[in-house]
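Structure first, then comments.
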Amino acid sequence: MSSTSAKRLSARTIVLSSVAFTVVAVTAGAAWAAITDNMYPTPYANLGCYSESGPDGNLSCQTDNAQLTYYMDSGGTNELEAEDRRVVIDVMSDIYAPTDFTVTLDTSPEFSGSAETDIVYEESGIGVPSGSDGVTFCNNAASDLRCDQQYIRILGGGNYVQGLTCHETGHAVGLVHGNQASPQLSNRDERLGCMETPVSTDEVLQDNNVDNINATY
Ligand SMILES: [Zn+2]
């Protein structure tokens, strides 16, 4: 237990220097028009990125680079049905591909090594907090800042919809809720687009999230 505390503390120290760097980069960018910085790390979301075997409720990683690969579980109990797959593909191609990410569906996913498939979508309720319909967690941290592979679990029964898929994917690339943004906003502030929580069915990224993504990747 003490070793965990030490790890978290050292991660926080390193991440805080990243916060300072981000602020400098943002100030220098003339095109910056975001209302708030809701990209991890912020003063309210800075625990350090670490590997989790399942969701622990902390949102604490960016993805590892601008090449964003994803895979949808296609076998076993966590399989996405055809209609769920269609939603994910549309969110990735219509909402995330227009950002500075290069988005690729990975049909030969990597689950080990140093270049794992970035986002793995599952239809599963395992570890999804009570009252939530989805969750995101880092399976393999690449550093104290970035994650090599993030898992998204969304409940079955019609919960794979555009808004929630956009929301959990946002977490997988480092976006946080309004109460963890700097300056803090209401979690229901409309300017947070699909990072509002709770999120409406048809939400998209909107400008604030796109600005934060493009300033980071
Ligand atoms: Zn969320």
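The values are calculated or read from the model by the stated rules, or taken from the named source; none is laboratory data. Source: prediction; values computed, not measured. Cβ atoms come from the backbone with ideal geometry, glycine included; neighbour counts cover every protein chain shown. Just the protein is used for accessible areas: all its heavy atoms, side chains included, with ligands, DNA and RNA removed. Shrake-Rupley method; radii C 1.70, N 1.55, O 1.52, S 1.80 Å.
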| note | Per the Kirkwood formula over distinct C-alpha pairs, the hydrodynamic radius of the chain in angstrom is 17.2 Å
| query | So how far apart, in nm, are the two label points at Ile89 and Leu105 if each is 7 Å from Cα heading toward Cβ? | reply | 0.3 nm
| request: Normalise the Cα radius of gyration of the stretch 93-217 by 2.2 N^0.38 Å (N = residues in it) and let me know the number. | output: 1.03
| Quick one: what do you get for the stretch 40-134 if you divide its Cα Rg by 2.2 N^0.38 Å? | 1.16
| remark: In the stretch 2-216 the DSSP beta bridges are antiparallel at a rate, in percent to nearest 5, of 40 percent
| request: Mind giving me the nanometre distance, one decimal, between the label points for Glu81 and Ala97, set 7 Å out from Cα along Cα→Cβ? | output: 2.5 nm
| Ranked from highest to lowest mean number of other Cβ atoms within 10 Å per residue, what is the order of the peptides 90-101, 61-72? | 61-72, 90-101
| task | With θ set to phi - 60°, apply the Karplus curve 6.51 cos²θ - 1.76 cosθ + 1.60 along the stretch 55-62 and write out the HN-Hα couplings as whole Hz, x wherever there is a Gly or Pro. | result | x, 10, x, 8, 10, 9, 8, 7
| query | For the chain, what is the calculated [θ] at 222 nm in deg cm²/dmol (nearest 500), taking -39500 (n - 2.57) for each run of four or more DSSP H residues and dividing by its residue count? | reply | -9000 deg cm²/dmol
| So what's the net charge close to Asp90: Lys and Arg +1, Asp and Glu -1, counting the other residues with Cβ under 13 Å from its Cβ? | -2
| message | At 1.4 Å probe radius, can you tell me the per residue accessible area of the chain in Å²? | response | 45 Å²
| request: State the percentage of accessible surface on the chain attributable to carbon and sulfur atoms; use a 1.4 Å probe and exclude ligands, DNA and RNA. | output: 51 percent
| field | Radius 11 Å from Cβ of Leu68, net charge of other residues (Lys, Arg +1; Asp, Glu -1) | value | -4
| message | Once you place label points 7 Å from the Cα toward the Cβ at Asn139 and Glu190, how far apart are they in nm? | response | 3.8 nm
